[in-house]
Amino acid sequence: MEIQQKPQKYLSKLQAREKIEHYCAYQERSQKEVRNKLYEIGLKNSAEVEEIISDLIQNNFLNEGRFALAYTRGKFRMKQWGRMKIKQGLKLKGITGRLLKIALSSIDEEQYIQTLALILEKKNEKISEKDPYKRRYKLSQYGMLRGFEPDIIAEVLKDSLLD
């Protein structure tokens, strides 16, 4: 049994630029995502890829700061991820250093703690464990799985009546 591969399409530089502009206009993208997509759609010359990325930045289709903020807001508000998980996701997308810190600091601290408390309350209702120590352990593990910091989880568990 032989596996057939699809023949690789080779796009011209102009066709690739048009396609990637639509890709960037649809939603915010990181440079790493765009670079990978350009290679995926058939560009082989790294000079052409870098030139297209440069043009996208100049024409404001691509903005790493804007991407980092949008990613952070989306993952916090929609998926209710904590800073640690968001930070890991941003690093995987190629965002590091100052942009990473700015994006993470855009999360309102009060809203962050409220979100964690809400998540833990919902989880607490679903846990059938009677032993309060095991219950706390399960809740703290769940909070860390969602990307929240252990010290903030402990503070929220201490301040709430989740027992």
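Of note:
- Average accessible area per residue (Å²) across the chain - probe 1.4 Å, nucleic acids and ligands excluded: 67 Å²
- Check: segment 4-161 dipole with +1 on Lys, Arg Cβ and -1 on Asp, Glu Cβ, in debye: 580 debye
- Calculated from the alpha-carbon coordinates, segment 35-156 shows an Rg and a Dmax of 19.2, 62 Å respectively.
- Potential lengthening between Ile152 and Lys79 on full extension [0.36 nm per residue; Cα-Cα distance subtracted]: 24.4 nm
- Apolar share of the accessible surface for the chain: 51 percent from carbon plus sulfur atoms, 1.4 Å probe.
- Viscosity 0.890 mPa s, temperature 25 °C, Stokes-Einstein D of segment 85-163 from Kirkwood C-alpha radius, µm²/s: 180 µm²/s
- Cleavage-rule hits (chymotrypsin sites (Phe, Trp or Tyr not before Pro)) in segment 8-97: DSSP loop, at most 13 neighbouring Cβ within 10 angstrom: Tyr10
- Distance between the 7 Å Cα→Cβ label points at Tyr112 and Leu69: 1.8 nm.
The values are calculated or read from the model by the stated rules, or taken from the named source; none is laboratory data. This structure is a prediction, so every number in the text was calculated from the model and none was measured. Glycine gets a Cβ as well: all are built from the backbone with ideal geometry, and neighbour counts include every protein chain shown. Note: areas computed on protein heavy atoms with side chains; ligands, DNA, RNA excluded. Shrake-Rupley method; radii C 1.70, N 1.55, O 1.52, S 1.80 Å.
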